[in-house]
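Trainee: First, the structure itself, so that you have it in front of you.
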Amino acid sequence: MKKICTLIVAILVSSGVAHCAKMQGPVRKEEAPLQLGPKIRVLLAKEVNSALVEAKGTYRVIERTTQDVISSGLVGKRYILHAIKEGLRWGEEFPGYHHITLVPSNRQTVFYVNGFQYKGVVDVYLEANQQITIVNEVPIEDYVRSTVALQLKESLSKEALSAYVIAARTEAYAIALTGQASEGAWDVRAKDVGYFGNGVVLQGYGVDEGVEATRFMVLESTKARLPEHVRVMPEKLKEMADAGYDAKQILHKCFPNTRLNVTADPNARVVR
């Protein structure tokens, strides 16, 4: 895990992901974007020949650099996404486009990539070898729901779960901020963090409620730096909660040089 130097998070009201239309009429610019808080970019597939991609709900396809909408749909879409000569194809061809983004038109729309369900947007990059790389840019709140749901093997009390979720969110914010400094198209690899999208939340031992109860809360350093990582074993949290400690007390005992802070609101995102 990358060293966390600071978590005084720089926040900016999102300018959102702009989009436009080219193949189905005049080019248009994006209206008011969906604003769902700071995001993290997760690598789903690197340099593969193709992927089965499905939109469930209304969506738009944009060219990320120019922010032009090049396609849209009202009833969903399911096709193999792959490279063509000098472009991409997803049911229809996008000649000349090397980077497209699939954008949900509302909070209910989700995307499936090779059978796994994802919230947020899906970036597709055309590589020089005529293969594609796929990245899910997902709100950190949804990312935490997914990863924590698979990390826990049993239910925790409300206080223990809140402490665990806050620690996991802190780590995710740190990864996203570190990713700003690199030129890579993603912050973390899905296989390295056990990220399998939104569908796994359904088996999550109350994780959804724990994330909502602590929404946007992270640990902030009170000194020059934080510990090497901010992960703590569920068994230790359970033991401390059983001893009568609340979530704030648990985190202070585990990480003495930190305090709780709210880093974002629903209309903000991490500055990139």
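Trainee: Please turn the phi angles of segment 76-91 into ³J(HN,Hα) values with the Karplus equation 6.51 cos²θ - 1.76 cosθ + 1.60 (θ = phi - 60°), one per residue in order, whole Hz, x for glycine and proline.
Mentor: Going residue by residue, I get x, 6, 9, 8, 6, 9, 7, 7, 10, 5, 6, x, 10, 9, 9, x Hz, with x marking Gly and Pro.
Trainee: Could I ask something else about it? Can you work out ³J(HN,Hα) from phi for every residue in segment 103-108, in order, using Karplus 6.51 cos²θ - 1.76 cosθ + 1.60 and θ = phi - 60°, giving whole Hz and x for Gly and Pro?
Mentor: 10, x, 7, 8, 5, 7
Trainee: Around Leu237, what is the net charge, scoring Lys/Arg as +1 and Asp/Glu as -1 over all other residues with Cβ under 14 Å from its Cβ?
Mentor: Details: positive: Lys153, Lys158, Arg231, Lys236, Lys238, Lys248, Lys253; negative: Glu154, Glu159, Glu235, Glu239, Asp242, Asp246.
Charge balance in the 14 Å sphere: +1.
Trainee: Using the Karplus curve 6.51 cos²θ - 1.76 cosθ + 1.60 with θ = phi - 60°, work out ³J(HN,Hα) for each residue of segment 233-244 in order, rounded to whole Hz, and write x for Gly and Pro.
Mentor: Result, rounded to whole Hz: 5, x, 4, 5, 4, 4, 4, 6, 5, 5, 7, x.
Trainee: Can you list the residues, at least 5 places off or on another chain, whose amide H is less than 5 Å from the amide H of Ala45, using H built in the peptide plane?
Mentor: Ile134
No lab work stands behind these numbers, since they all come straight from the coordinates. This structure is a prediction, so every number in the text was calculated from the model and none was measured. Note that each Cβ is placed from the backbone with ideal geometry, even for glycine, and that neighbours are counted across all protein chains shown.
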